[in-house]
1. Kindly provide the set of residues from region 130-175 that are touching a residue at least 60 places away in the same chain (Cβ under 8 Å) and either under 60 Å from the mean Cα position of the chain (by Cα) or closer than 30 Å to residue 23 by Cα (or both), ordered by number.
2. Can we say residue 132 is in the same structural domain as residue 42 (by TED's automatic domain parsing), buried (at least 17 other Cβ atoms within 10 Å of the Cβ) and at pLDDT 80 or above?
3. Can you spot a residue in region 68-77 that is in the same structural domain as residue 137 (by TED's automatic domain parsing), crowded, with 16+ Cβ neighbours inside 10 Å and either touching a helix residue (DSSP H, G or I) at 6+ places or on another chain (Cβ under 9 Å) or at pLDDT 85 or above (or both)?
4. Does residue 193 satisfy the condition of being over 44 Å from the mean Cα position of the chain (by Cα) and more than 30 Å from residue 88 (Cα to Cα)?
5. Among 43, 36, 51, which is assigned by TED's automatic domain parsing to the domain that holds residue 136, out of contact with any helix residue (DSSP H, G or I) (no Cβ under 8 Å at 6 or more places or on another chain) and loosely packed, with under 12 Cβ neighbours inside 10 Å?
6. Determine whether region 29-37 contains at least one residue that is in contact (Cβ under 8 Å) with a residue 60 or more places away in the chain, closer than 30 Å to residue 145 by Cβ and more than 32 Å from the chain's Cα centre (by Cα).
7. Can you tell me how many residues in region 381-398 are surrounded by 15 or more Cβ atoms within 10 Å (Cβ to Cβ) and not in a strand (DSSP E or B)?
8. Is there any pair linking a residue in region 276-294 that is not assigned by TED's automatic domain parsing to the domain that holds residue 258 and surrounded by 16 or more Cβ atoms within 10 Å (Cβ to Cβ) to one that is part of a helix (DSSP H, G or I) and at pLDDT 80 or above, with Cβ under 9 Å and at least six apart or on different chains, and which?
């Protein structure tokens, strides 16, 4: 049953049906043309025979002479002499002359006659069960006597020829149908061979062999476009799998590092009796790692939830001035603790379009990073302005900066310029990755310009 469900078999069947339909139309047309041609040929022969009898009557020959003359004439090729019939009737319907093979019988007139413009009548009677093709000529008047001439011929030739044509047509249709099915199957199999190649190659692909690609062969047709499209999909899957593997590896590394630190601290603390202050220091160290893991897990959940609902984000107009006033008040305690300065400069009318919670999370991460990596007494500046159809927000600091070779990679998950320094600051390496995603989902951009010991400027365009 699987064979009959294949596309190749369906193409072969449809090809055969269409071919059968066309062949049937052609055969029907040929049958009608051939039948009409045979009928016309017989009618022409009957008309010549009738004209000869009419000629004899017009010449005034008696009935016996007409019979002798007509019965002695040869007939047309393809028909026997005994298969030609004729009779002459007077005005009272009496047969006054007839062919010998009628043997006293007469050709009966059919109730349904085919009349032509010149009043020649044609019909298909029977004589003793023999099918005939008959013709009656217009009435002839000679010496005040009216005559009707009727000629007929055995219709077996026509019926035999038509029957032979019908049998031959049926045989040809059946034969050509079989040929059409076979040819359709071979053509479809050849045409669909690239699909089978693609199926075989795709079935051999696994998560560990995504570097392989489907073969692209043959002309620039739909099958090649299909292979290219699927290869493009595999490219994206390979990148996604690579990111997942890298993400899993990074998460495993982060968890293992923190757990190793906590286990080491606890093992050292339990190796011998300690003072209360020493136990306190161990607990603080463990608490620091717990806070770090908690922050990392929280950001994991935030990233997975928000990125999975990217299409459900609701964009609306947001008062940018009010948002940055809120952010300034939020970070004011951190600024005072580090004896820093925070300057917020915004346009008089700053309207942002996006998801308020996501944009707030974006700027919280940027400002928090600026405060973390700026030493005491430093300055953080937030400058927001309208620039054409975009709103441009810059978060600037005069902190420690980022080495140039690290700048291209800081938006990657878990990437850290200095691992020990970042962990001591409570960073997870996920904040900037989340910031980049938020900017992109709002069809915006985020750029970083930094110089070591001079500071960093992060520019967001929305």
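The values are calculated or read from the model by the stated rules, or taken from the named source; none is laboratory data. Remember, it's a predicted structure, so these values are computed and weren't measured experimentally. We place every Cβ from the backbone using ideal geometry, glycine too, and count neighbours over all the protein chains shown.
1. 155, 156, 157, 158, 161, 162, 165, 166, 169, 172, 173
2. Taking the combined requirement at face value, the residue satisfies it.
3. Yes, region 68-77 has at least one match.
4. Judged against the criteria, residue 193 is not a match.
5. Exactly one residue qualifies, and that residue is 36.
6. Checked region 29-37: no residue is in contact (Cβ under 8 Å) with a residue 60 or more places away in the chain, closer than 30 Å to residue 145 by Cβ and more than 32 Å from the chain's Cα centre (by Cα).
7. Looking only at that region, the number is 1.
8. none
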